[in-house]
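Taking it in order: structure first as C-alpha cells, then the write-up.
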Amino acid sequence: KFIRLLDAPGIVPGPNSEVGTILRYYIYVQKLADPVTQVETILQRCNLEEISNYYGVSGFQTTEHFLTAVAHSLGKKKKGGLHSQEQAAKAVLADWVSGKISFYTPPPPTHTLPAHLSAEIVKEMTEVFDIEDTEQANEDTMENQMSCWATQTRSKWRLSGFILRW
C-alpha cells in the first residue's frame with residue numbers, strides 16, 4: 001500500500017542541485033520549496049508538443065502561462081478562486097517523476113571511439129586463449145623476479161661486508 005517503486009538508472013550521479021535531482025527522478029515532490037523553477041527546466045528540455053498534448057493545453061508562451069493552463073485543466077485552485085501555479089507545478093513534477101511524461105535524449109549524431117579503443121573488421125580468428133600457457137608464463141615471470149631479487153640481495157650483502165651463503 002505504501003510502497004513506492006523507483007525506476008532509475010543503475011548509476012546515479014551525486015546531486016549538483018535541486019533541479020538536477022528532480023531531473024534524475026529521485027525526490028519527494030511535495031517537499032519542494034520552489035517547484036515552478038524545476039518545471040521551467042523540464043519545459044526547456046522536453047518536447048513542448050508532447051507535453052501540450054498530455055495536459056491538453058496549447059499556446060502558452062511562458063512557464064507561468066503553462067502552469068496556469070495546467071491548473072485550470074486539473075482544477076487546482078487556491079483561496080479566492082485563483083489558479084494555483086504551485087499545485088500545478090507539483091502535479092507536473094509528480095507526473096515527471098512517475099514517468100507519465102515521456103522524455104528521452106537522442107544519441108549524438110556521430111560517435112568516435114576514444115584513442116585507446118579501436119573498431120575493425122577482422123578476416124580471420126586469432127589464437128584461442130590458453131590458460132595453461134598463461135599460467136606457465138606467470139610462473140616463469142615469478143621465478144625470474146625471485147632470481148633477480150636474490151642476486152640483488154646477495155650483491156647488497158657483499159657490498160656491506162657480509163658474505164651470504166645459500
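A few comments on the model shown:
- Residues in the stretch 83-129 that are surrounded by 10 or more Cβ atoms within 10 Å (Cβ to Cβ) and among the charged types (D, E, K, R) were compared, and the one that is farthest from residue 46 (Cα to Cα) is 86.
- In the stretch 14-51, residue modelled with the highest pLDDT [restricted to those that are outside any helix (DSSP H, G or I), surrounded by 13 or more Cβ atoms within 10 Å (Cβ to Cβ) and among the aliphatic types (A, V, I, L, M)]: 32
- Among (1) surrounded by 10 or more Cβ atoms within 10 Å (Cβ to Cβ); (2) of a type outside the set (Val, Ile, Thr); (3) at pLDDT below 55, the one test that residue 10 misses: (1)
The values are calculated or read from the model by the stated rules, or taken from the named source; none is laboratory data. Note that the coordinates shown come from a computational prediction; the quantities given were computed from them, not determined experimentally. Note that each Cβ is placed from the backbone with ideal geometry, even for glycine, and that neighbours are counted across all protein chains shown.
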